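Novice: Handing you a structure now.
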Amino acid sequence: MRGQRAALRPSRAQTRGAAIAALVALAPLLPAAAVALGSHEVDARLPYLCTLPSGPQTATVRIRATVPDRATVGETIAAADVSTTLELPAAVAAELTALEAATVRMETTLTVGVGQNGGSTDVTWLGTAQPAAIPAEGPLTLTSTGDVPALTTGTAGELTLTAGNLAVGLAPSKADGTPTGPASLSVSCVPGPDAEGRTLAGIPVTAGSTGTPSPGAPSIPPTAPSSSPASFPSSPAAPSGQPSTPAGRETAGGAAGAPPDPASASDAGKGPRVATGNAPATAARPKAPPCVTEKPTSTSLSAYITGYSNVRKLDGASLIPVSCVQLEQGEPVIDFRPDGSIHLLQKSEGSLLYQGRKQSPPFTSTFLTFGFAPTTATLVLEQAGPLVVESDVLLVFPDNIAETYIRVPLVLRVLDVEVNGTPLDVGPGCRTVKPLTSPEPQPAKYPGDHLVLLGKGQLLNGTDATGYVLTSGGPLTGEVTVPAFKGCGAGGENLDRLLTAAISGPGNHIRQIQGQTCAVGVEVPTEGQCTADRQPYVVPKPER
């Protein structure tokens, strides 16, 4: 039949009519246009006094963020592009150098006061920084980034954000990557006396029709923020991706259908609330990492992906955890082929995202190395270049055929290893010498080392898509070669050849499952596709 269709050679008018009809059929799978969201940048440089093990030191803290220009009652208020820069005097750099440190990594916990109409509460903004070189002279400047909790408020009035205490963890390392003694330093910083100068932002909140905050969010008592020093956690956790309790499912009292806590009810509408995660309109979704698109456009998409990758040499499979993928869709193009077929082409680009970095969350795998030694490794996939999605939909009424290639260079990094329960120090720089590689069907167009995943699907007019389509998700498969390893080992021990012999090689099958995308930038997201704070609602389950 397809040969007969090509031989008939429809007229250009018929061809364009068929293309338009096909696009109408595909319209539910394309995101709607978005409304621009007003926001402005916060950039505050504040004096702080920091207490180090050697004594007090003056410091400058620079807090940057993007916040909404305004909000309505019940609307999620989220700060984006948040960073905390700590500038310590040269004496601190000299102190670290005396410990034989060459680099230092920083984690921060910033207390931010949230106030409205006399009520107030504290939230914490967590941040991490990549290892930075310690300067030979001059101040030590470190910048951390990370996710921050979203807020809602049940009443109108200006909502203020105020900088508070800052707890800092410093992890210095020697030139060879080994930790110094001590391995970490805790630093407590308190802001200077100028209380007014610590106000980061004021966000007008007006009455609107967006509804009331979810009942699970804690209310704010009408008291001043605490001035007690912040304690520094040894390893700050990322904000949970666990959804908040949807209305009608579980009340503040805890049991489904139970009446709300009277105290919570009486506090409703009195002040800002800390969102406990995502607030979907339907049943609660499984726990997932944060996946917030900071500056959405009308073509922004996000989705979760997870699956398995076989490791042929180890005769086992590694579970790749639920990971956030963010995309910017390219313009769709209608391609009229000489054989009379019509194709809808679209090229999009994006990235993985985890705690501000283009990578997967760390994941742990256990195998029998060389067939007898139980080995557990903590791994992470780091993106080393653009993630490109190339979709080709053959418009053949009534069953449109979709084929999608996803290409991304990924370096496999080994964080730590245990062999038969005994830790094996692989050092901080253990990784593959180059990105994972797959057979590439178009090497001239896509040169270089990268992973290739392929998804195939059908879009029957008037029904849901089957197989894989970018917007609805589905299975993606591929085959990958794991390159040799480098930089593995510590204390003069070279483990490169050991890991290469155990893991590296071709023929490793990958099967990934992508969930339904969330069209982030549309004015009203489709129910069941996005949470209230516009993260992907669907969290897929891995399939072998």
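Novice: What does the extension gain come out to for Ala91 and Thr72, with contour length at 0.36 nm per residue minus their alpha carbon separation?
Specialist: Working: separation 19, 0.36 × 19 = 6.84 nm, distance 4.73 nm.
Between Ala91 and Thr72, full extension yields 2.1 nm more.
Novice: Quickly rank 291-297, 445-451, 52-58 as a protection proxy: mean count of other C-beta atoms within 10 Å, highest first.
Specialist: Details: 291-297: 19.1, 445-451: 15.7, 52-58: 12.9.
Descending mean neighbour count gives 291-297, 445-451, 52-58.
Novice: Further, regarding this structure: Hey, what do the phi angles of segment 339-356 turn into as Karplus ³J(HN,Hα) couplings, whole Hz, using 6.51/-1.76/1.60 and θ = phi - 60°, x for Gly and Pro?
Specialist: Rounded to whole hertz, the list is 7, x, 7, 10, 10, 9, 10, 8, 10, 10, 10, x, 6, 6, 8, 8, 6, x.
Novice: With a ≥ b ≥ c taken as the square roots of the eigenvalues of the C-alpha gyration tensor of segment 64-147, please select rounded if a/c is under 1.5 and otherwise prolate if a/b is larger than b/c or oblate if it is not? The partial results should precede the final answer.
Specialist: Details: a/c = 3.46, a/b = 2.77, b/c = 1.25.
Prolate shape, in that a/c is at least 1.5 and a/b is the bigger ratio.
Novice: Which of the lysines could a cross-linker span from Lys486 if the Cα-Cα distance has to be under 26 Å and same-chain partners fewer than 8 positions apart are dropped?
Specialist: Result set, ordered by chain and number: Lys174, Lys313, Lys358, Lys434.
Novice: Run through segment 324-424 and list the chymotrypsin sites (Phe, Trp or Tyr not before Pro) located in a DSSP loop whose Cβ has at most 11 other Cβ atoms within 10 Å.
Specialist: On the way: sites: Phe336, Tyr354, Phe363, Phe367, Phe370, Phe372, Tyr405; in loops: Phe370, Phe372.
Here the sparse-neighbourhood loop sites are Phe372.
Novice: Next question. Using a 1.4 Å probe on the protein heavy atoms, what percent of the accessible area of segment 289-351 belongs to carbon and sulfur? Walk me through the numbers before you get to the answer.
Specialist: On the way: 1430 of 2660 Å².
On segment 289-351, the fraction of accessible area on carbon and sulfur atoms equals 54 percent.
Novice: OK, next. At 1.4 Å probe size, what's the solvent-accessible area of Thr500? Round to the nearest 10 Å².
Specialist: So the heavy atoms of Thr500 present about 40 Å² to solvent.
Novice: Quick one: accessible area per residue over segment 28-176, 1.4 Å probe, rounded to a whole number of Å²?
Specialist: Result: 41 Å² of accessible area for each residue.
Novice: What is the gain in length, in nm to one decimal, between Ala444 and Glu418 on full extension, counting 0.36 nm per residue of separation less the C-alpha to C-alpha distance? Walk me through the intermediate numbers first.
Specialist: On the way: separation 26, 0.36 × 26 = 9.36 nm, distance 4.15 nm.
Fully extending the segment from Ala444 to Glu418 adds 5.2 nm.
Novice: Could you pull out which residues in segment 413-451 have an amide N less than 20 Å from a spot 7 Å beyond the Cα of Ala501, following the Cα-Cβ vector?
Specialist: 414, 417-427, 430-433
Novice: Are there any GluC sites (Glu not before Pro) in segment 471-544 that are in a DSSP loop and have at most 14 other Cβ atoms within 10 Å? List them by number. Let's see the in-between values first.
Specialist: Details: sites: Glu479, Glu493, Glu523, Glu527, Glu543; in loops: Glu493, Glu523, Glu527, Glu543.
Those that pass, being in a loop and sparsely packed, are Glu493, Glu523, Glu527, Glu543.
Novice: Quick one: 3J(HN,Hα) in Hz for segment 104-110, Karplus 6.51/-1.76/1.60 with θ = phi - 60°, rounded, Gly and Pro as x.
Specialist: Computed from phi, the couplings for segment 104-110 are 8, 10, 10, 10, 10, 10, 9 Hz.
Novice: Give the peptides 177-184, 424-431 in descending order of average Cβ contacts within 10 Å, highest first. Numbers along the way, then the final one.
Specialist: Working: 177-184: 13.9, 424-431: 20.0.
Ranking, from highest mean packing down: 424-431, 177-184.
Novice: Related question: To the nearest 10 square angstrom, what accessible area does Leu436 show with a 1.4 Å probe?
Specialist: 10
Novice: Separate question: In segment 64-108, whose amide N lies under 13 Å from the spot 7 Å out along Cα-to-Cβ of Ala136? List them in ranges.
Specialist: None, by backbone N distance to the label point.
Novice: Now for a separate question. How much accessible area per residue does segment 298-340 have, counting only protein heavy atoms and a probe of 1.4 Å, in square angstrom? Kindly include the intermediate steps, with their values, before the conclusion.
Specialist: Numbers: 1830 Å² over 43 residues.
Solvent-accessible surface per residue comes out at 42 Å².
Novice: Let me ask something additional. Quick one: pull the percent of accessible area on segment 56-99 belonging to carbon and sulfur, 1.4 Å probe, ligands and nucleic acids left out. Each step should come with its number before you reach the end.
Specialist: Working: 850 of 1660 Å².
Carbon and sulfur atoms account for 51 percent of the accessible area of segment 56-99.
Novice: Right, something else. When the chain is fully extended, how far beyond the present Cα-Cα distance does Arg544 get from Ser54, taking 0.36 nm per residue of separation? Could the numbers behind the result be given before it?
Specialist: Values: separation 490, 0.36 × 490 = 176.40 nm, distance 5.45 nm.
Result for the pair: 171.0 nm of gain on full extension.
Novice: Glu158: accessible area at probe 1.4 Å, nearest 10 Å²?
Specialist: For Glu158, solvent-accessible area is about 110 Å².
The values are calculated or read from the model by the stated rules, or taken from the named source; none is laboratory data. Only a predicted model underlies this, so the values are computations on that prediction, with no experimental measurement involved. Don't worry about glycine lacking a Cβ; one is built from the backbone with ideal geometry, like all the others, and counts go over all protein chains shown. Note: accessible area is taken over every heavy atom of the protein model, side chains too, but ligands, DNA and RNA are not part of it. Shrake-Rupley method; radii C 1.70, N 1.55, O 1.52, S 1.80 Å.
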